Amino acid sequence: MKIHQVSVFLENKPGQLRLACDALAKAGINMVTLSLADTAQFGILRLIVQDWQKAKTVLQKAGCVVKITEVLALEVPDQPGGLSRILEIVDGASLNIEYMYAFAEKRGDRAMLVFRFTDPDAALKVLQAGGINPVSTVELFSRG
């Protein structure tokens with residue numbers, strides 16, 4: 001149950017973030033969650049959207065460099081130690097987390113985090129074996 005993340009590489013100068021956001025808005029594409037990181041040369045806008053293929057096309061037409069990456073969305077108990085349990089499973093299998101970020105809203109008593117693993121297929125198997133089931137695309141976008 002991997003989901004597709006849209007990564008947009010933006011020049012590190014004023015107006016570039018708005019260019020990408022405006023292009024998505026004009027196409028009617030809603031950002032479900034996002035993360036923004038920067039380096040000296042460029043920023044990386046990571047997005048989860050319902051129609052990643054349309055978002056990729058729209059952003060490329062706007063002149064953005066876009067990469068699609070497979071990530072896992074995991075529900076984590078929103079309590080002390082909730083994330084630690086998942087990390088225990090991940091560390092036990094020597095899986096590498098490249099980065100992670102959270103959704104702004106919770107699902108009941110659970111927070112939702114996006115994880116980018118070096119090997120998402122191996123991570124999926126290990127997590128499922130440990131009783132952690134990633135959220136599917138259908139579940140993610142059928143939220144009320």
Residue list for region 100-140, restricted to those being among the aromatic types (Phe, Trp, Tyr) and not in a loop (DSSP other than H, G, I, E, B): 101, 115, 117
I need every pair where a residue in region 20-40 that is modelled with pLDDT of 95 or more has its Cβ under 9 Å from the Cβ of a residue that is aromatic (Phe, Trp, Tyr), sequence separation at least 6 or different chains. none
Picked from region 122-141 (must be free of Cβ contacts under 8 Å to residues at least 12 places away in the same chain and not aliphatic (A, V, I, L, M)), the residue farthest from residue 76 (Cα to Cα) is 125
Test: residue in region 66-79 that is outside any strand (DSSP E or B) and under 19 Å from residue 115 (Cα atoms): yes
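Hey, among the residues in region 80-99 that are in a loop (DSSP other than H, G, I, E, B) and in contact with a helix residue (DSSP H, G or I) (Cβ under 8 Å, 6 or more places away or on another chain), which one's farthest from residue 37 (Cα to Cα)? Even if it seems obvious, please write down each step before you answer.
Applying the first criterion (in a loop (DSSP other than H, G, I, E, B)) to region 80-99 yields 80-81, 93-96.
Okay, now just the ones that are also in contact with a helix residue (DSSP H, G or I) (Cβ under 8 Å, 6 or more places away or on another chain), so 93, 95.
On the way: 93: 28, 95: 22 Å.
Restricting to residues being in a loop (DSSP other than H, G, I, E, B) and in contact with a helix residue (DSSP H, G or I) (Cβ under 8 Å, 6 or more places away or on another chain), the top hit is 93.
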Taking interchain pairs and intrachain pairs at least six residues apart, which have beta carbon atoms under 7 angstrom, with the first residue in region 59-83 and outside the structural domain of residue 30 (by TED's automatic domain parsing) and without any contact (Cβ under 8 Å) to a residue 40 or more places away in the chain and the second part of a strand (DSSP E or B) and small (Gly, Ala, Ser)? 76/111; 78/111
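The values are calculated or read from the model by the stated rules, or taken from the named source; none is laboratory data. For clarity, every value in this text was computed on a predicted model and none was experimentally measured. Note: ideal-geometry Cβ built from the backbone for every residue, glycine included; neighbour counts use all protein chains shown.
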